[in-house]
Ligand code: TYD
Ligand code: MG
């Protein structure tokens with residue numbers, strides 16, 4: 001047995017240092033080094049029981065399977081964020097807070113893939129087979145085809161993989177696994193790095209799709225070294241924007257499709273149900289008769305999503321007026337208020353302004369500016385906006401309203417949901433396309449106010 005030694009590993013980049021330092025010399029992050037005991041790398045330091053294939057260089061033209069079929073899970077929203085289904089040999093990392101539904105989602109995925117003929121091995125390091133069974137019984141999907149293994153030793157899991165040759169492996173969670181070759185508790189930087197690396201090598205070699213559950217830190221990132229996200233082909237974050245039964249799976253990295261796509265689910269009595277119509281979900285419960293409400297046509301990834309923006313403006317009672325934005329950048333709100341004050345004489349300088357994007361989405365696109373301006377103006381005037389109108393446009397410092405990308409797609413979605421009118425930038429090039437609803441072209445915020453309130 002080689003002697004163990006103490007090293008300091010960076011929890012950001014996984015870089016190794018021999019003494020503690022305030023700043024990681026590899027990635028320059030502050031205060032990220034953690035003390036861990038590891039063994040020197042020797043012939044036995046790798047934990048793959050499978051012999052590595054002697055890889056030889058091949059011509060790209062000779063690489064077969066460029067159009068390899070993907071395995072569709074049948075949970076359409078999830079297939080969509082994955083870029084069209086599961087890619088054999090890929091590694092998918094799913095992060096999220098405790099209790100949000102990671103195990104439930106992956107058990108549903110396992111059941112569906114097993115029913116579609118895949119050999120699925122579900123490894124639980126957190127729960128006993130009995131607990132997993134209890135969850136399985138609640139689901140709509142029959143889980144009979146899923147092989148279950150309660151194990152935390154990486155060596156034992158890899159041995160089972162070798163023996164059973166699954167085509168799909170689920171690991172719940174990476175923080176509970178450990179390899180006997182390294183000292184240190186499960187979940188430590190070295191352990192997570194080593195086990196994840198071994199899982200990645202095995203999935204690539206055996207063309208096995210691997211799903212890994214990752215816990216998240218207080219800051220919301222996946223716990224463990226950043227290398228975990230680097231080795232994964234797809235990184236998904238599970239969020240609950242409202243704390244209710246709504247769930248969003250957000251892709252932050254995807255080697256096989258567009259990143260930044262979202263999938264919507266609802267947690268019900270029998271597991272997670274995909275929500276096929278996100279806009280309808282975000283618009284539900286909208287009050288047509290209240291002032292301060294405007295609808296934006298935003299893009300989430302490549303999909304247009306309609307969201308309601310609400311503003312409340314009230315006389316500031318305590319000292320400096322407050323500006324509070326939820327789901328929208330607070331500084332951008334201040335900027336838009338300044339533009340309204342200077343360019344459209346709409347004063348909010350002595351007022352508290354609250355802004356809320358309903359449904360828990362975060363809108364970061366400048367294309368939502370016009371809806372924010374409309375909502376604030378409506379609140380200041382205490383005048384209700386046309387409930388059948390959407391607002392799409394970026395607002396510049398001069399008060400000008402600028403065109404946005406993908407206008408047609410946004411307006412088609414609005415029209416599909418029954419909206420009849422859209423306020424857009426006057427400089428939108430309208431020669432090429434026919435827009436699906438009535439448009440009102442506004443040059444600047446002043447013109448918008450005139451159009452809205454006369
Ligand atoms: P779980 O998948 O265990 O979360 P995680 O693995 O992310 O920690 O989900 C647990 C929660 O989901 C728990 O509060 C119960 C709830 N739940 C339902 O509401 N409906 C269901 O059908 C299932 C299986 C769970
Ligand atoms: Mg779990």
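The table below lists the values:
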quantity: For the chain: Kirkwood Rh in Å [reciprocal of mean 1/r, alpha carbons]; calculated: 24.8 Å
quantity: Rounded to 5, percent antiparallel among DSSP beta bridges of the chain; calculated: 50 percent
quantity: Relative counts (whole %) of C-alpha pair distances in region 190-332, using bins that are 5 Å wide; calculated: 2, 7, 12, 16, 16, 14, 12, 8, 6, 4, 2, 1, 0, 0
quantity: Linear extension gain, residue 408 paired with residue 314, 0.36 nm per residue minus alpha-carbon span; calculated: 30.2 nm
quantity: Global geometry of region 119-175, whether rounded, prolate or oblate, following the gyration tensor of its Cα atoms and the 1.5 cut on a/c; calculated: oblate
quantity: Per-residue Cβ neighbour rank within 10 angstrom, fewest leading, 309, 195, 168, 275; calculated: 275, 168, 309, 195
quantity: Stretchable slack from residue 443 to residue 130, in nm (0.36 nm times residue separation minus alpha-carbon distance); calculated: 106.3 nm
quantity: Degrees between helix 129-138 axis and first principal axis of the chain (Cα, 0 to 90, nearest 10); calculated: 30 degrees
quantity: Shape metrics for region 325-387, restricted to C-alpha atoms - Rg then Dmax, Å; calculated: 11.4, 31
quantity: Relative contact order (percent, whole number), region 347-433, Cα cutoff 8 Å, 6+ residue spacing; calculated: 26 percent
quantity: Along principal axes, Cα extents of region 72-207, largest first, whole Å; calculated: 41, 31, 29
quantity: Rounded tilt (10° steps) of 154-164 against the dominant C-alpha axis of the chain; calculated: 80 degrees
quantity: Cα-based helix-to-principal-axis angle, 407-416 vs the chain, degrees rounded to 10; calculated: 80 degrees
quantity: Region 133-260 shape via C-alpha gyration tensor axes, a/c threshold 1.5; calculated: rounded
quantity: Separation of alpha-carbon centers, region 140-160 and region 180-238, rounded to whole Å; calculated: 17 Å
quantity: Cα shape, region 244-294, gyration tensor, a/c 1.5 rule; calculated: oblate
quantity: Contour minus Cα-Cα distance for residue 207 and residue 322 (0.36 nm per residue); calculated: 35.9 nm
quantity: Mean Cα-pair separation over length for region 198-330, i.e. relative contact order, pairs under 8 Å, 6 or more apart, %; calculated: 12 percent
quantity: Cβ-based exposure ranking for 219, 165, in which fewest neighbours within 10 Å come first; calculated: 219, 165
quantity: Relative contact order of the chain, pairs being alpha-carbon contacts under 8 Å that are 6 or more residues apart, as %; calculated: 12 percent
quantity: At R0 = 25 Å, FRET efficiency that the Cβ-Cβ distance of residue 434 and residue 280 yields, to 0.05; calculated: 0.50
quantity: Using alpha carbons only: equivalent-ellipsoid semi-axes of region 268-315, gyration tensor based, whole Å; calculated: 26, 15, 9
quantity: Cβ-based exposure ranking for 303, 70, in which fewest neighbours within 10 Å come first; calculated: 303, 70
quantity: Kirkwood hydrodynamic radius of region 85-125, Cα pairs, Å; calculated: 11.5 Å
quantity: Peptides 404-415, 362-373, 387-398 ordered by average Cβ neighbours within 10 Å, highest first; calculated: 362-373, 387-398, 404-415
quantity: Base-10 log of normalised Debye intensity for region 95-153 (one unit scatterer per alpha-carbon) at q = 0.14, 0.27, 0.28, 0.30 Å⁻¹; calculated: -0.35, -1.23, -1.29, -1.38
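Since every read-out is calculated from the coordinates, none of them should be taken as a lab result. None of the values given here were measured: they were computed from a predicted structure. Cβ atoms come from the backbone with ideal geometry, glycine included; neighbour counts cover every protein chain shown.
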